[in-house]
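Any read-out appearing in this document is the output of simple, stated calculations on the displayed coordinates, not a laboratory observation. Being a predicted model, the structure only gives us computed values, none of them experimental. With ideal geometry, Cβ positions are generated from the backbone for all residues, glycine too; neighbour counts draw on all protein chains shown.
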Amino acid sequence: MNTKKNMNIIGKRIPKLDAGDRVAGKSIYGTEIELPGMLHGAILRSRFPSAIIESIDVSKARALLGVECVITADDVDVTNLSYRKDHPVLKKGEVNCIRDEIAAVAAVSKDVAEKALELIEVNYIERAGIFDPIKALKNDAPQINKFSKGENGNKNISESFHYEHGDLEAEKKKSVCIVSRQYVLPKVSHACMAASNVTADYSPVDGQLTLHSSTQVPFLYQREMSQVLKMDPSKIRVVQPIIGGG
């Protein structure tokens, strides 16, 4: 058997099948998907890093021409999302992040949806937040996630790992020099050229939900959506369009 003759991929230049469309600007990214009769969504987020929500009035937003739906935590029975299952879809009673989601709007256009957000009235009582991770570990620190399981009564600890190897104290006694320093890393976030997005298409005829999303984990999305919406996973299809980075 001549191994080299049977090699049709390894060791050869393989053309990128979608390179031509990308270079020519013909590729359709997630944010460019348009479906007939499509509604546009927008999310109202907290203006404060930590605050009590006294009241939310969405009446003006619901009355705006072109608005099809406005929801708050009172309209949603989903309380747990994300990796730790401690992230309510919409926040009620309090916010603990300047990007916490408070209300969501669906309207006939993006402009109308964003205008509706401006009409939602939220009364806050601002309170002291916690921004130092060392202080957040203290038992008397403000608890910023009441849905977290926490550790030793501290709900600020979302995840922890305890690992030991060797005898640290014994090695210290044998050391010629011990250097102790505190190191701080800057906040890091990916900066993809394409924005995160999802376009949902639900068919009442066969109960099929199709999600077009710029995700790298389509099966994770499918599983989580089936849990949240209480749907059979086989009825949920996640389509990954071309993504602009990850």
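Using a Gaussian network model of the chain in which every pair of alpha carbons under 10 angstrom is joined by a spring, one finds that among 16, 115, 85 the greatest mean-square fluctuation is at 16. Here volume of the Cα convex hull per residue in Å³ was calculated from the structure, and among [x] 172; [y] 282; [z] 191 it sits at label [y]. Here's how it looks for residue 94: its modeled amide H is under 5 Å from those of 53, which are all 5 or more places away or on a different chain.
Residue 25: net charge of surrounding residues, Cβ under 14 Å, Lys/Arg +1, Asp/Glu -1, itself excluded? Residues near residue 25 contribute -1 overall. Backbone phi angles across the stretch 144-155, fed through the Karplus curve with coefficients 6.51, -1.76 and 1.60 (θ = phi - 60°), yield HN-Hα couplings of 9, 9, 5, 8, 6, 6, x, 8, 6, x, 9, 6 Hz in residue order; Gly and Pro are listed as x. Start at zero, step by 10 Å, and the Cα-Cα distances of the stretch 35-150 spread as 13, 39, 31, 13, 4, 0 percent across the bins. Shape index of the stretch 194-246: Rg/Rh, with Rg the Cα radius of gyration and Rh the Kirkwood radius from the inverse mean 1/r over Cα pairs, equals 0.99. With θ taken as phi - 60° and the Karplus curve 6.51 cos²θ - 1.76 cosθ + 1.60 applied, the whole-hertz 3J(HN,Hα) list for the stretch 85-96 is 6, 10, 10, x, 4, 10, 7, 10, x, 7, 10, 10 Hz, x standing for glycine and proline. Projecting the Cα atoms of 123, 97, 65 onto the charge dipole of the stretch 35-150 (Cβ charges, centred on the Cα centre) puts 97 farthest toward the positive pole. Among the trypsin sites (Lys or Arg not before Pro) found in the stretch 167-222, those both in a DSSP coil and sparsely packed, with 11 or fewer other Cβ atoms within 10 Å of their Cβ, are 181, 187.
The trypsin sites (Lys or Arg not before Pro) of the stretch 22-84 meeting both criteria, a DSSP state outside H, G, I, E and B (loop) and at most 14 other C-beta atoms within 10 angstrom of the site's C-beta, are 26, 47, 84. Mean-square fluctuations from a GNM of the chain, with a 10 angstrom spring cutoff on Cα atoms, peak among 167, 57, 111 at 167.
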